[in-house]
């Protein structure tokens, strides 16, 4: 019988560096499996369906929620994100170590389900740097960036 894998949860405000940290971890340890979340948001830049996210419609997402297909899901900045129950269960059962790259809301939901999950919360280097990163993306208007900054401050306060 396989020894179950470990579950690592990397959470941070938008723009704080979750993706960069997870990419670095994957380069250091080829035995880590990253969970690909489902989202209703549009792809950014070079993102590909099934690689960074499973990009689905709001209706598809709601159906998956109703069917209990997600361990956790949340609405973040007007988009929905969810972690597939089936994909995580299968990988952990096979003894794989799995990394989830999710927001703080999702991390709390996962910790309730998996008390032995390792939670890693990334703080932004500074508030000014976080704002610069969000601005450099070139995808959001100033009002949306401000909303993300407010949300980030709330997440950091909750994580402490």
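Read the figures in this text as sums done on the coordinates, not as results from a lab. Predicted, not measured: the structure shown is a model, and the values here were computed from it. Virtual Cβ from ideal backbone geometry, glycine too; neighbours counted across all protein chains shown.
Overview of values
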| read-out | value |
| --- | --- |
| log10 of Debye I(q)/I(0), alpha-carbon scatterers only, for the chain at 0.18 Å⁻¹ | -1.23 |
| Residue-averaged [θ]222 nm for the chain, counting only DSSP H segments that reach four residues, each worth -39500 (n - 2.57) | -13000 deg cm²/dmol |
| Degrees separating the helix 127-137 axis from the principal Cα axis of the chain, which is the longest one | 80 |
| Segments 102-109, 119-126 sorted - mean Cβ within 10 Å per residue, highest first | 102-109, 119-126 |
| FRET efficiency, residue 20 to residue 143 (Cβ-Cβ, R0 41 Å, nearest 0.05) | 0.95 |
| Centroid-to-centroid separation of segment 119-139 and segment 28-58 [C-alpha atoms, Å] | 20 |
| Angle between the chain longest axis and helix 18-28 axis [Cα atoms, degrees, rounded to 10] | 40 |
| DSSP-defined beta bridges in the chain - what % are antiparallel, rounded to 5 | 35 |
| Gain on full stretching of the segment that runs from residue 150 to residue 117 - 0.36 nm per residue minus C-alpha separation | 9.1 nm |
| Spatial extent of segment 95-160: Rg and Dmax, with the Cα atoms as the point set, Å | 14.3, 44 |
| Cα long-axis angle, helix 104-113 against the chain (0 to 90 degrees, to the nearest 10) | 20 |
| Computed lengthening from residue 135 to residue 67, 0.36 nm per intervening residue step minus Cα-Cα distance | 20.8 nm |
| Segment 62-102 - percent relative contact order, Cα under 8 Å, separation 6 or more | 25 |
| Length gained when the stretch residue 94-residue 126 is fully extended (0.36 nm per residue, less Cα-Cα span) | 7.6 nm |
| Alpha-carbon Rg with Dmax, taken over segment 36-113, Å | 12.3, 35 |
